[in-house]
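Beneath this line is the structure, given in structure tokens, with notes to follow.
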Amino acid sequence: MTPRATKRLATNAALTLGAALLLIWSLGPIYWSLVASLTPPNALISDNLHLWPVTPTWEHYAKLFGATSTSQGNQVQSVWPQFRAALLNSIITSLAATIVTVAIAAVGAWAFVRLKFPGRDALFIAVVATLAVPGFTVLIPLYRLMIAAGLIDTYTGVTLIYVSAFLPLALWLMRSVYQAMPLSLEEAAWIDGASKFYTLLRIVLPLAGPGLVACAILTFLSAWGQFMIPLVFSPSLATKPLTVLIPEFVTRNYVDYGLMNAAGIIAIVPPIILVLFLNRFLVQGLMAGASK
Amino acid sequence: MHTLASRLRLTRDGRLGLLLVLPVILIMGGLVFFPLIASLIESFFRVEPMKPGSPFVGIKNYVTVMTDRTVLAAWGTTAVYVILAVVIETGGGLMAALLLNRITIGRRWLLAAVVLPWCLPPVINAIIWGWIFNPSYGLMNGLLQATGLTSGNHVWFNDRGTGLVLISLVHAWRMMPLTVIILLAALQSIPKELYEAAKLDGATALQSLRQITLPLIAPGLAIALSQSTVFAINLFDEAWILNGASTDTRSITIQTYISAFQNLKLSVGMALSLLIMVASLAVSAIYVLRVYRETRFE
């Protein structure tokens, strides 16, 4: 073998090893949680370490979704009503926040790019500057504001707070999408007598499709994973999402690790689906969002 | 005639523009800027639902959060998180980005796997890792014992140092993908010819990395560093799920939550959260300015 071929082989081996390590680091913990969710309770607390479920069981999932439930041989109250409520709350608040945020950002960012109006640049800078403001800073006065408005523990209240938290990034993203779009298409439509708003709806928005998808994914993931906002603003199952409910499984006198891992796996299914099918948009969106 | 028409068109544009950004103004004004100003004002008053009235107290709340021993300890804890998280994310992220930049086969799928931890709810990440760190049945003790490195079960969070490292690790696991993506974008913008020219001049791979790659990705590195730092300053979910309110691992944001929503000292919480904001903004500004200066002189 020539020295050159040896070197290439060594490089390839190093790259493969690196890729394998990166895969284990990224996916290993998730795999381990999946294994726990499929392992029977007595095997979970055995001393023998198995890297795969030896006797796989749906038991923990059945407990989550079942009308009745047993724990350590005793009939206990089913967690399904709580779990169902939290799952629905997560879906409703995340979807609502995504739709509202993307709609406002899609229209607003275009106005920031294509229309001249008083205070335009100052407003945009002020809004984007809030990206550097920790969400925390406004949480306390917001809490009092929401109590005064009677919006604590309502879908409207939680959605509004999500929108205010995720709108700056969405506006920033959509502005970069519109800036990259050639003006000539819009100008052609204006010359043909189309109004600016009509042009936005019929020509600009369809072309901005990938940007809108990226924007929607980022907003949905942020809303789906939120913990601190619902911890404060969703005290009851009326709006409490999975992220707040699942950790509460720990605080019972008996910690059911299988149940926690099964619930965790259910909660990460939507993000995993998004990454599998829409990763291209997500990465583009992150890259655009990061290039401040 | 022409100027009049164009001016009329401009005002019509202006009106349409204002109309289209009205939702932005209402939501950001009502739910971000108004509370921010309210926070600033009320941090100089005593706002505690359990006590009647809210008298003006000057900078007393700020003095409290800068002298109280628990709060000071929380600042220290957050500083440790920032250092550990930034080191892990930047070091690991740079290596991963360099690797991804070299890999051609299956890069799309590898990138999807790398991005995944960032996409998951931080709370669930912490639960997944909490199970790995479990003292009795966790993978970490299991692996360490199977390989004969340790004997007996370690209760990892009994030791403050270990607890801080593990929480930083879980946080870095989630945030590293952002660093990877930012750095990968920067790496891909470097022209290939530079490396070819360096190779012709006889430069080694390490020299190329130091003389070409690192200077050219410096702006990306600065963005990645400032993102890592700001997110680490605001670390909450991981520490809260893995070790609760324990003072050993209590970050400054957990301290704010406890002051405001458990001890119901709202104005103390506001003063604290404003200081966190100032810290975040200052850190971002330092990175941006440094990079700006360095790239200008080159």
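Could you list, in sequence order, the residues of the range A:13-33 that are surrounded by 13 or more Cβ atoms within 10 Å (Cβ to Cβ) and closer than 13 Å to residue B:103 by Cα?
A:15, A:18, A:19, A:22
Restricting attention to the range A:211-248, report how many residues are surrounded by fewer than 24 Cβ atoms within 10 Å (Cβ to Cβ) and in a loop (DSSP other than H, G, I, E, B).
6
Taking the condition of being touching a helix residue (DSSP H, G or I) at 6+ places or on another chain (Cβ under 9 Å), outside any loop (DSSP other than H, G, I, E, B) and loosely packed, with under 11 Cβ neighbours inside 10 Å, how many residues in the range A:1-12 meet it? Talk me through it step by step, then tell me what you get.
Going through the range A:1-12, the residues touching a helix residue (DSSP H, G or I) at 6+ places or on another chain (Cβ under 9 Å) turn out to be A:1, A:11.
Next, from what is left, pick out any that are outside any loop (DSSP other than H, G, I, E, B): A:11.
Restricting the remaining residues to those that are loosely packed, with under 11 Cβ neighbours inside 10 Å gives none.
Total meeting the criteria: 0.
Among the residues of the range A:139-164, count how many are within 11 Å of chain B (Cβ to nearest Cβ), without any contact (Cβ under 8 Å) to a residue 40 or more places away in the chain and of a type in the set (Gly, Ala, Ser).
2
Give me the residue from the range B:39-64 that is outside any helix (DSSP H, G or I) and hydrophobic (A, V, I, L, M, F, W, C) and, out of that set, nearest to the other protein chains (Cβ to nearest Cβ).
First pass over the range B:39-64, keeping only residues outside any helix (DSSP H, G or I): B:43-59.
The next check asks that each one be hydrophobic (A, V, I, L, M, F, W, C); those that pass are B:44-45, B:47, B:50, B:56-57, B:59.
Numbers: B:44: 13, B:45: 12, B:47: 8, B:50: 14, B:56: 17, B:57: 16, B:59: 18 Å.
Only one residue fits best here, namely B:47.
Filtering the range B:169-211 down to residues that are charged (D, E, K, R) and part of a helix (DSSP H, G or I), which residue is nearest to the other protein chains (Cβ to nearest Cβ)?
B:174
Does residue A:261 count as under 25 Å from residue A:77 (Cα atoms) and modelled with pLDDT of 85 or more? Outline the logic, then answer.
Values: under 25 Å from residue A:77 (Cα atoms): yes; modelled with pLDDT of 85 or more: yes.
Criteria met by residue A:261.
Can you tell me which of A:185, A:167, A:200 is part of a helix (DSSP H, G or I), facing another protein chain (nearest Cβ under 10 Å), under 26 Å from residue B:18 (Cα atoms) and modelled with pLDDT under 90?
Testing whether each residue is part of a helix (DSSP H, G or I), facing another protein chain (nearest Cβ under 10 Å), under 26 Å from residue B:18 (Cα atoms) and modelled with pLDDT under 90 leaves just A:200.
Within the range B:196-230, which residues are in contact with a Leu (Cβ under 7 Å, 6 or more places away or on another chain) and either small (Gly, Ala, Ser) or surrounded by fewer than 13 Cβ atoms within 10 Å (Cβ to Cβ) (or both)?
B:220, B:224
So residue B:137 fits all but one of (1) hydroxyl-bearing (Ser, Thr, Tyr); (2) crowded, with 21+ Cβ neighbours inside 10 Å; (3) assigned to a loop (DSSP other than H, G, I, E, B); what number is the exception?
With respect to (1) hydroxyl-bearing (Ser, Thr, Tyr); (2) crowded, with 21+ Cβ neighbours inside 10 Å; (3) assigned to a loop (DSSP other than H, G, I, E, B), residue B:137 is out only on (2).
Taking the stated definitions as given, is residue A:230 closer than 25 Å to residue B:174 by Cα and within 11 Å of chain B (Cβ to nearest Cβ)?
yes
Can you name the number of the only condition in (1) more than 9 Å from every other protein chain (Cβ to nearest Cβ); (2) at positive phi that residue B:151 fails?
Against the list (1) more than 9 Å from every other protein chain (Cβ to nearest Cβ); (2) at positive phi, residue B:151 comes up short only on (2).
Can you find a residue that is within 12 Å of chain A (Cβ to nearest Cβ), assigned to a helix (DSSP H, G or I), surrounded by fewer than 22 Cβ atoms within 10 Å (Cβ to Cβ) and of a type in the set (Gly, Ala, Ser) anywhere in the range B:65-88?
Checking the range B:65-88: not a single residue is within 12 Å of chain A (Cβ to nearest Cβ), assigned to a helix (DSSP H, G or I), surrounded by fewer than 22 Cβ atoms within 10 Å (Cβ to Cβ) and of a type in the set (Gly, Ala, Ser).
So, in the range B:252-280, exactly how many residues are facing chain A (nearest Cβ under 10 Å), surrounded by fewer than 20 Cβ atoms within 10 Å (Cβ to Cβ) and over 18 Å from residue B:66 (Cβ atoms)?
1
Report, by residue number, each residue of the range A:123-138 that is modelled with pLDDT under 90 and more than 7 Å from chain B (Cβ to nearest Cβ).
A:125, A:126, A:128, A:129, A:131, A:135
Out of all the residues in the range B:140-156, which are part of a loop (DSSP other than H, G, I, E, B), touching a residue at least 12 places away in the same chain (Cβ under 8 Å) and not aliphatic (A, V, I, L, M)?
B:153, B:154
Is one or more of the residues making up the range B:25-38 of a type in the set (A, V, I, L, M, F, W, C), part of a loop (DSSP other than H, G, I, E, B) and over 19 Å from the mean Cα position of the chain (by Cα)?
Among the residues of the range B:25-38, not one is of a type in the set (A, V, I, L, M, F, W, C), part of a loop (DSSP other than H, G, I, E, B) and over 19 Å from the mean Cα position of the chain (by Cα), which makes the answer no.
Identify all residues within the range A:208-227 that are out of contact with any Ser or Thr (no Cβ under 8 Å at 6 or more places or on another chain) and within 12 Å of chain B (Cβ to nearest Cβ); write none if there are none.
A:217, A:218, A:221, A:222
Taking the range B:95-133, which residues are more than 7 Å from every other protein chain (Cβ to nearest Cβ) and crowded, with 20+ Cβ neighbours inside 10 Å?
Within the range B:95-133, B:97, B:100, B:118, B:125, B:126, B:130, B:133 qualify.
Name the residues in the range A:113-135 that are in contact (Cβ under 8 Å) with a residue 60 or more places away in the chain and more than 15 Å from residue B:28 (Cα to Cα), would you?
Those that are in contact (Cβ under 8 Å) with a residue 60 or more places away in the chain and more than 15 Å from residue B:28 (Cα to Cα): A:113, A:114, A:115.
The values are calculated or read from the model by the stated rules, or taken from the named source; none is laboratory data. Please read all numbers here as calculations on a predicted model, not as lab measurements. Neighbour counts are summed over all protein chains in view; Cβ atoms, including those assigned to glycine, are modelled from backbone coordinates with ideal geometry.
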